[in-house]
Amino acid sequence: MLDIDKYFIKSELIPAIVYETDSNTVLMLAYMNKESLLKTIETKQTWFWSRSRNELWNKGATSGHIQEVVSIYADCDGDTLLINVRQTGVACHTGAYSCFFNKIDF
């Protein structure tokens, strides 16, 4: 049995970086709680906790832009996840492929 409690010792929510394996692109960062991580593992699709709506959400459930989970890694401290996916369509709610398109020039 998988012990996911160890990832939620510091907080009820942990950041999850979503990375597209085929394009080698960081798509987004979202937050997970225990329930969303369990649903992600169970369904092989990403589920997150919406901090603004205070509810679970399945990425792509309404848009069809689903994320098929390939693998999940925890960082060395066990408080951040890297979720490798195959993205259908775009990842960003703005219509962009990745949420990271606003370059900061310095």
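The modelled label-to-label distance for the pair K10/V26, using points 7 Å beyond Cα in the direction of Cβ, is 1.6 nm. On the beta carbon distance between N102 and D77, with R0 = 30 Å, the FRET formula returns roughly 0.60.
Take the solvent-accessible surface of the protein heavy atoms, probe 1.4 Å, and return the percent of it on the chain that carbon and sulfur atoms account for. Please list the in-between numbers first.
Details: 3620 of 6740 Å².
The nonpolar share, carbon plus sulfur, comes to 54 percent.
Segment E42..E68, full-extension length gain: 8.2 nm, with 0.36 nm per residue of separation and the alpha-carbon distance subtracted.
Using the Cα atoms of region 12-62 to build a convex hull, what is its mean projected area in square nanometres?
Working: hull surface 15.3 nm².
Mean orientational projected area (region 12-62, Cα hull): 3.8 nm².
The long axis of helix 34-43 is offset from the longest Cα principal axis of the chain by roughly 70 degrees.
Rg to Rh ratio, the chain, alpha-carbon atoms and Kirkwood radius? Rg divided by Rh gives 0.96. For the chain, the solvent-accessible area of protein heavy atoms averages 64 Å² per residue (probe radius 1.4 Å; ligands and nucleic acids excluded). For the peptides 18-31, 92-105, 44-57, the ranking by packing is 18-31, 44-57, 92-105, with the highest mean count of neighbouring Cβ atoms within 10 Å listed first.
The values are calculated or read from the model by the stated rules, or taken from the named source; none is laboratory data. Everything quoted here is computed from the prediction, not taken from an experiment. Heads up, the Cβs are rebuilt from the backbone with ideal geometry, glycines too, and the neighbour counts pull from every protein chain shown. The accessibility values were calculated without ligands, DNA or RNA, using every heavy atom of the protein model including side chains. Shrake-Rupley method; radii C 1.70, N 1.55, O 1.52, S 1.80 Å.
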